[in-house]
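A.B. asks: First the structure, which I've put down as structure tokens, then a few questions once you've had a look.
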Amino acid sequence: MSENSGYTLLHPTSPEEWESYYQLRYDVLRKPWNQPFSSTKDDTEDESIHLLMLDTEGKAAAAGRLQLNSQEQGQLRSMAVRAVLQGTGLGTQLIRELEAIAIKKGLQEIVLDARENAVSFYQSNGYTVTGPSYLLFGRIPHFRMRKKLLK
């Protein structure tokens with residue numbers, strides 16, 4: 001798809017790319033909370049647009065997806081950046097690409113449910129908190145956030 005700063009951004013297609021994609025999501029979003037690998041996937045995976053960022057060695061560096069909620073609204077889900085690479089701008093690159101895809105599809109806004117510790121990251125990317133969302137695993141507060149897309 002695209003290459004920037006030695007990282008390659010692509011839609012996973014091969015079994016190895018899918019394995020890397022889901023493993024990174026698990027390692028960042030589920031494993032620290034002692035959740036099973038099966039909790040990494042949900043029933044909207046097949047209707048979502050997935051992106052995987054690989055480093056120069058072909059290892060998963062970042063991953064995320066755009067769920068199509070309606071003809072007007074998309075939702076960022078399962079955003080993950082390898083721990084040692086957080087804060088380096090890879091998450092922002094991923095968001096920009098997912099937003100570009102959303103705009104091409106004619107979506108007018110993107111929503112997401114951010115973990116408390118990620119709210120400031122999404123705010124720095126133009127998202128606004130609209131209220132509390134839910135408590136994941138009974139202990140991780142999430143906040144609903146929204147961004148209107150400019151065409």
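The values are calculated or read from the model by the stated rules, or taken from the named source; none is laboratory data. Every value quoted in this text rests on a predicted model; they were computed, and no experiment measured them. Using ideal geometry, Cβ is built from the backbone for each residue, glycine included, and neighbour counts are taken over all protein chains shown. Ligands, DNA and RNA are excluded from the accessible area calculation, which covers all protein heavy atoms including side chains. Shrake-Rupley method; radii C 1.70, N 1.55, O 1.52, S 1.80 Å.
A.B. asks: Could you tell me how many of the residues in segment 79-113 are assigned to a strand (DSSP E or B) and either among the aromatic types (Phe, Trp, Tyr) or open to solvent by 30 Å² or more (accessible area, probe 1.4 Å) (or both)?
C.D. replies: Final tally of qualifying residues: 2.
A.B. asks: Kindly list the number of the only condition in (1) surrounded by 19 or more Cβ atoms within 10 Å (Cβ to Cβ); (2) outside any helix (DSSP H, G or I) that fails for Ile49.
C.D. replies: (1)
A.B. asks: Step by step: first the residues of segment 36-46, then only those that are of a type outside the set (S, T, N, Q) and within 11 Å of Ser78 (Cα to Cα), then the one that is most open to solvent (accessible area, probe 1.4 Å). Which residue is that?
C.D. replies: Looking at the filtered set, the residue picked out is Lys41.
A.B. asks: Same structure again: Could you grab me the full set of residues in segment 7-35 that are open to solvent by 70 Å² or more (accessible area, probe 1.4 Å) and assigned to a loop (DSSP other than H, G, I, E, B)?
C.D. replies: Selection gives His11, Thr13, Asn34.
A.B. asks: Please go through segment 114-145 and give me each residue that is among the small types (Gly, Ala, Ser) and assigned to a helix (DSSP H, G or I), ordered by number.
C.D. replies: Ala118, Ser120, Ser124
A.B. asks: Just wondering, is there one or more residues in segment 59-73 that are within 25 Å of Lys31 (Cα to Cα), open to solvent by 20 Å² or more (accessible area, probe 1.4 Å) and assigned to a loop (DSSP other than H, G, I, E, B)?
C.D. replies: Within segment 59-73, one or more residues are within 25 Å of Lys31 (Cα to Cα), open to solvent by 20 Å² or more (accessible area, probe 1.4 Å) and assigned to a loop (DSSP other than H, G, I, E, B).
The rows are residues; the columns are (1) closer than 21 Å to Ile110 by Cα; (2) touching a Leu at 6+ places or on another chain (Cβ under 6 Å).
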| site | (1), (2) |
| --- | --- |
| Ser14 | no, no |
| Arg25 | yes, no |
| Ser39 | no, no |
| Asp43 | yes, no |
| His50 | yes, no |
| Asp55 | no, no |
| Lys59 | no, no |
| Ala63 | yes, yes |
| Leu68 | yes, no |
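A.B. asks: Every residue in segment 30-64 that is within 14 Å of the chain's Cα centre (by Cα) and of a type in the set (Gly, Ala, Ser), please.
C.D. replies: If the condition is that a residue be within 14 Å of the chain's Cα centre (by Cα) and of a type in the set (Gly, Ala, Ser), then Ser48, Ala60, Ala61, Ala62, Ala63, Gly64 are the ones that fit.
A.B. asks: Right, here's the next one. Yes or no: Ile103 out of contact with any Ser or Thr (no Cβ under 7 Å at 6 or more places or on another chain), touching a residue at least 24 places away in the same chain (Cβ under 8 Å) and closer than 27 Å to Trp33 by Cα?
C.D. replies: No: the conditions fail for Ile103.
A.B. asks: Return only the number of the condition from (1) closer than 15 Å to Arg25 by Cα; (2) of a type in the set (Ser, Thr, Tyr); (3) at pLDDT 95 or above that Thr130 does not satisfy.
C.D. replies: (1) is the only condition that Thr130 fails.
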